[in-house]
Amino acid sequence: MTAPTYMFDASEKPSLPFHDVPLIAATDESVKGYGCLVDDPDGFDIEITRWPAQGWRAIDEGTGDEGGSVEGTFRCDWKGDVLYGENEAVNGNYVLGWSVDPQTASTTAPTEPRDKVLLWHMNYHPDGGQLFFPLDRKPFVVPLALPGDDLTPDKVVAFWCDGSKGLYIHANIWHEGIFPVHDQQRFLDRQGAVHARVSADIGQEFGVYLSVPLKGTL
């Protein structure tokens, strides 16, 4: 598969059915296996995955995990019906999703109340974990799935975070950017400096968009 293009006009994507993603309140218990909630980002270390051995000879102890981490501000901005993301830590710019059919989505003003994000893509980082900590203490939603390249829409869940804590995810956890409940939001992003990324184009692979709720009964 070819690597996805992250910046585009929403109208370049086709109309597709929606697959509803369950919304779960993020608690210490519910996020186990995916990562953990973080009270204070200062001094919080990102897990770095040791470089894999190429054969039967092992990687020397104390080597292969020295790449360290990078950090910067991750900005999320709704422009009309389209959600954009900018990750200063890795110089990334993205169309994260939209709140209506992409064929009718407007970037000037919302055409319907924003109660969901229609997600077209997910990825994971095999080189290390990633921390999203809200600089604006407002609610946000993060879609996640457990490791494994056999991703399917039914394996994706969305965690609703109240904005009082950050969310850390382990290496190899499928995710997308952070989805703000309000118009704009800023996060401290800290992740592995290698920034290896494995992607899945949900629309192309499964013929649906993931409908991630921003509001609802938890």
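The values are calculated or read from the model by the stated rules, or taken from the named source; none is laboratory data. This structure is a prediction, so every number in the text was calculated from the model and none was measured. All Cβ positions, even for glycine, are placed from backbone atoms using ideal geometry, and neighbour counts span all protein chains on display.
Within region 169-186, being in contact with a Gly (Cβ under 8 Å, 6 or more places away or on another chain) and not in a loop (DSSP other than H, G, I, E, B) holds for Ile169, Phe179.
Scanning region 31-51 for residues that are in a loop (DSSP other than H, G, I, E, B) and either touching a Gly at 6+ places or on another chain (Cβ under 7 Å) or polar (S, T, N, Q) (or both) turns up Pro41, Ile46, Glu47, Thr49, Arg50, Trp51. All conditions in (1) surrounded by fewer than 21 Cβ atoms within 10 Å (Cβ to Cβ); (2) more than 23 Å from His19 (Cα to Cα); (3) touching a Ser or Thr at 6+ places or on another chain (Cβ under 8 Å); (4) not small (Gly, Ala, Ser) hold for Asp183, with the sole exception of (3). Enumerate the pairs (first residue in region 97-121 and of a type in the set (Lys, Arg) and surrounded by 24 or more Cβ atoms within 10 Å (Cβ to Cβ); second residue anywhere and modelled with pLDDT of 95 or more and not in a loop (DSSP other than H, G, I, E, B)) with beta-carbon separation below 7 Å, excluding pairs fewer than 6 apart on the same chain, so at least 6 apart or on different chains. Between residues of region 97-121 that are of a type in the set (Lys, Arg) and surrounded by 24 or more Cβ atoms within 10 Å (Cβ to Cβ) and residues that are modelled with pLDDT of 95 or more and not in a loop (DSSP other than H, G, I, E, B), the close pairs are Lys116/Ser211; Lys116/Val212; Lys116/Pro213. Given the residues Tyr6, Tyr34, which is the only one that is in contact with a His (Cβ under 9 Å, 6 or more places away or on another chain) and at pLDDT below 95? It is Tyr6. Residues in region 127-147 that are closer than 25 Å to Tyr209 by Cβ and part of a loop (DSSP other than H, G, I, E, B) were compared, and the one that is farthest from the chain's Cα centre (by Cα) is Lys138. Evaluating Gln54 against the criteria (1) polar (S, T, N, Q); (2) farther than 26 Å from Asp9 by Cα; (3) assigned to a strand (DSSP E or B) leaves one unmet condition, (3).
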